1. How many angstrom lie between the Cα centre of the range A:189-212 and the Cα centre of the range B:63-109?
2. Just to be sure I understand: with springs between alpha-carbon atoms less than 10 Å apart, which residue in B:Ser119, B:Ser134, B:Ser44 has the highest mean-square fluctuation in the Gaussian network model of chain B?
3. Using +1 on the beta carbon of Lys and Arg, -1 on that of Asp and Glu, and nothing else charged, what's the dipole of chain A about the Cα centre, debye to 20?
4. As I understand it, the dipole of the range B:87-172 uses +1 on the Cβ of Lys and Arg and -1 on the Cβ of Asp and Glu, about the Cα centre. Which of B:Ile160, B:Val98, B:Phe87 lies farthest toward its positive end?
5. Tell me, what HN-Hα J-couplings in whole Hz come from the Karplus equation 6.51 cos²θ - 1.76 cosθ + 1.60 at θ = phi - 60° for each residue of the range A:37-53, using x for Gly and Pro?
6. Using label points projected 7 Å from each Cα along Cα→Cβ, tell me how many nm separate A:Leu28 and A:Ala115, to one decimal.
7. GNM on chain A, C-alpha springs below 10 Å: top fluctuator among A:Ala30, A:Ala199, A:Ala42?
8. Alpha carbon centre of the range A:79-134 versus the range A:27-73: separation in Å?
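The values are calculated or read from the model by the stated rules, or taken from the named source; none is laboratory data. All values reported here derive from a predicted model rather than from experimental measurement. Here the Cβ positions follow ideal geometry from the backbone for every residue, glycine too, while neighbour counts run over all protein chains shown. Just so you know, the surface numbers come from the protein's heavy atoms only, side chains and all, with ligands and any DNA or RNA stripped out. Shrake-Rupley method; radii C 1.70, N 1.55, O 1.52, S 1.80 Å.
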Amino acid sequence: MIATLILRDIRRAWIGGGALLPVAFFLLVAILFPFAVGPNAALLARVGGGVLWAAALLAALIPVERLVAPDLASGVIDQLLVRGQSAAVIALAKLAAHWLSFAPPILLAALPAAALLDLPSDTLIRVEIGLLIGTPGLAALALSVGALTATLRGAGALAGLLILPLAIPLLIFGAGSLDGGTGALKLLAAVSLLLVAGAPFVAGAAIRASLD
Amino acid sequence: MSLLTFCDVTCVRGGRMLFDALSFALEPGAAVLVTGPNGAGKSSLIRIAAGLLRPAGGTVDGDASRALLTEAATLDEELPLAKALAFWARLDGRTDAVAAALEATALTDLAAVPMRFLSTGQRRRAAFARVVASGAPVWLLDEPANGLDSDALALLEAAIAAHRANGGAALVASHTPVDLPGKVPIQLHHPGEGRAPVTTDPQLGPGLHRERV
């Protein structure tokens, strides 16, 4: 049941090229950064990890509008609710599908991006571990805000304004974990877990409210 | 044992009362035809019956599963018709019902055609095929005859008749005539005809009706 919903969402993310857009955006930010600060290898290597985190944050904004709004408009949500699915379960399936189509491509794209920024390999490993822990939180934020703004037209800019401040803890602890040590990683995991635990209920309530 | 019961259901949309104290029961084999002008609350009644809209007052009861047909086809545009139907059939645990549903709506020849190439009438029949395949005892059909030619309308009526003969029931909202033998008619009127809006206290605003749920 849930697996069917997750597979459908993943399929729809890939066919429209929707899953590749955040990756392209992520890589573009990583490519633009050396142009902006100049080709100083030592400087790039020092700030590169933080750049990748900021790029991941910006990439997480791209899919927000296609997460909930299309299914609400085409009646898919209605049909699922009539079949007795709770809105929270629908949101949970969407969260899982979104993470599965968002996080692995970003984790892969971090490899060429790290090469562009001349990142040391131990920093790259810390970035990858941090992103693995932090992307569920980013996906949860994107889904919650996608559901909250689903009935608004042209909600993309508003979604960005809502997500970025809420994602600051993820960015702080994610970038903080680059210095080594596990304290920041634990806090990153705590923030991510909190967002993931709350998102199905927030998004579910938002979906319910948008029916009235 | 009724499949679906409306008891004193009141519907308020945007601060206006669309209908008030509406009661009826949908028995196995029965059909209720809701008619009325545009904006009279036909679609709202269907959505209340589907559990998607909370009534401002009264209760809707019934444990039987329901199948809903609304304005949207709700079949993935990029998929061939049969696969788009199969997604919903899989959720209903009835993947083997797709072929029969296509047969009943005369869409078997189009099974491999992507949804986005179907015409208005064909999409309507495809959406109806989703209802047929669901196997739910209660069919909630909002304007099922929209965009159908006379042959397709006959198919629709035949499918509803077969469903009722099998102990199912149908709640149909339509502004065009649909032939349902032995139907129970419900006539909705245009809101505002001799009725005051339900929100009489301007300070409370249109959110008032939520308090009564």
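1. When both Cα centres are located, 30 Å separates them.
2. Checking each option, the largest mean-square fluctuation is seen for B:Ser119.
3. In total the dipole reaches around 300 debye.
4. It is B:Phe87.
5. 9, x, x, 8, 4, 5, 5, 4, 5, 6, 9, x, x, x, 4, 4, 5
6. 2.2
7. A:Ala42
8. A separation of 14 Å, based on Cα centres.
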